[in-house]
Amino acid sequence: MDHVVRPGICMTKRSQPHPHPKRSAAFTPTPNSPATVSSDLFPSLGSSWPFLAETETVVFSMVPGYTGASHFPPRRYDRLGGQSCGHPCQPAAGVGHLNFLGWPPKSQLYPRRMLPVIDQKFYRFPQALLLAIFASVLSSAPAKAMDRSEIAIPDVLGYHTLKCDFHMHTVFSDGLVWPTVRPIEAWRDGLDAISITDHIEYQPHRGDIPTKHDRPYEIAKPTADNNHVILIRGSEITRAMPPGHINGIFLTDCSALATDKWEDAVQAAADQGAFIFWNHPGWTGQQPDGVARWYEEHSMLLEKGLLHGIEVVNHTSYYPEAHRWCLEHGLAMLSNSDVHPPIDHSFEPMSGEHRPVTLVFSKSRDAEGIHEALSAARTAVYHQDKIIGKEDFLQAIFDATVTVKFSEIDLRAGQTTNLQVHNACEVPYRLKLREASEFLESPGSITLPAGKSVLVRVKAKNNATAEPTEIALDYEVENLLVAPDEGCPVTLKLKGIIRE
Ligand SMILES: [Zn+2]
Ligand SMILES: [Zn+2]
């Protein structure tokens, strides 16, 4: 199949680099701030040496008369220093060499999620200071705890709202990280469960990493267990469209999916009791116009009970057609990162970005609970500032997170007051008036920022109430989608007396 490269998505050729995180303007190392650089400065090294991606952090020193970094291409120096220094063994005047010192444990030298990236100023530091910094790195680097960003979307309707990502890659196919990196990233991103789904049919690192379809899971499992991240064994069946790429998760033997015919691969997954979903149906590598199309092959899978869900969101793409098909056929809606490089190279949490997340409404926080919930299509899609799902779950999330403080009002006709509306969700809700209240005039649109309260001005109409009355302000939340371009209906509930 002929794959078009798009960052972060099922790449089978890598003719362009993935996007890099924004660089910090200046890097100012101090004795307590070890001189570290992100591995994104060395993407070519990362792709050829998976262990770099495993720890992400490298330490360098500026040492004149440098001797030992011939495995770094000279162009890397150009990029770092902004000037050519020729061959690594021939430093240009006034430009020190970066001397590779090793990959220390990330837990000791990775102070924050997004490390400041070295820049030209690094070159201008006096050598003595750099050596002092370096000595402090070696002797007294304080262990810094990693932090986890919890996803503030509550449990609803008696279910645990589990945050999951069921599609990602490692060096065992065309990813750029060692499998143990994925559960650590997941923990930091506030996830409950992940599935590593390397390609069955495609291993571009085969020269260095042998084809072993079950190893990513086996390698990552102890790390996942230690961090209470639920790891689900999976694989990506990687075929031309139709049927396109299909993930099987909850597998017991990934290698059994290595078959000649795609039908046999899907059946092998089904024979293991797998949850099977169609990946990125509108991926431009297979649908150049980005429009997802349903083929006979998908009808066949559906009729045979071999299709249980579709990625409504893959990486940064939303597929409205897939959204409709999930509603039409009662399939689980999924939202997965399909990440290939380290996750922070694809999404910038420091800029408020988050990876796409599948919300699973599960009876228990374990793999069995997730499997049952997926099979029952109790999922929602959390993508950018949108949650996409069924109305009952979306309404429940809204009701659990939005409160009208001081919701009892007592007004004369024509009088105005401010309601205080608080949003405890991490999603900023965008409300549009659905139907005017009989008792109160309220704004046509309201934005409820995440984690904040806002004042909403209302004015009593000339309909007096004899006694305290339930007053409903009916809105639609534009970014809680119950169908493509259809917001979720919600109600702000008040109690009030309107006097003449
Ligand atoms: Zn794919
Ligand atoms: Zn993939």
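What the table shows:
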{"quantity": "Members of segment 227-257 found to be away from ligand 2 (no atom under 16 Å from the Cβ) and either part of a strand (DSSP E or B) or not β-branched (Val, Ile, Thr) (or both), listed by number", "calculated": "ASN227, HIS228, ILE230, LEU231, PRO242, PHE250, ASP253, SER255, ALA256"}
{"quantity": "Cβ pairs under 8 Å, 6+ apart, first in segment 187-203 and closer than 23 Å to GLY369 by Cα, second of a type in the set (Asp, Glu) and within 10 Å of ligand 1 (Cβ to nearest atom)", "calculated": "THR197/GLU236"}
{"quantity": "So PRO210, is it surrounded by fewer than 24 Cβ atoms within 10 Å (Cβ to Cβ) and not polar (S, T, N, Q)", "calculated": "yes"}
{"quantity": "Qualifying position, being charged (D, E, K, R) and assigned to a loop (DSSP other than H, G, I, E, B), among GLU368, GLU311, GLU353", "calculated": "GLU353"}
{"quantity": "Filter result for the condition that a residue is among the charged types (D, E, K, R), within 24 Å of PRO154 (Cα to Cα) and within 16 Å of ligand 1 (Cβ to nearest atom), over GLU372, GLU311, GLU353, GLU368", "calculated": "GLU311"}
{"quantity": "Residues within segment 148-166 that are within 16 Å of ligand 1 (Cβ to nearest atom) and touching a Gly at 6+ places or on another chain (Cβ under 8 Å), tallied", "calculated": "1"}
{"quantity": "Test: residue in segment 333-341 that is of a type outside the set (S, T, N, Q) and away from ligand 1 (no atom under 16 Å from the Cβ)", "calculated": "yes"}
{"quantity": "Residue in segment 179-195 that is farther than 19 Å from PHE347 by Cβ, surrounded by 21 or more Cβ atoms within 10 Å (Cβ to Cβ), of a type outside the set (Gly, Ala, Ser) and more than 15 Å from ligand 1 (Cβ to nearest atom) present", "calculated": "yes"}
{"quantity": "Segment 385-437: number of residues that are part of a helix (DSSP H, G or I) and surrounded by fewer than 17 Cβ atoms within 10 Å (Cβ to Cβ)", "calculated": "4"}
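FYI, it's all coordinate maths here, none of it is from the lab. Not measured: the values here are computed from a predicted model. Reconstructed Cβ throughout: ideal geometry from the backbone, glycine too, with neighbour counts over all protein chains shown.
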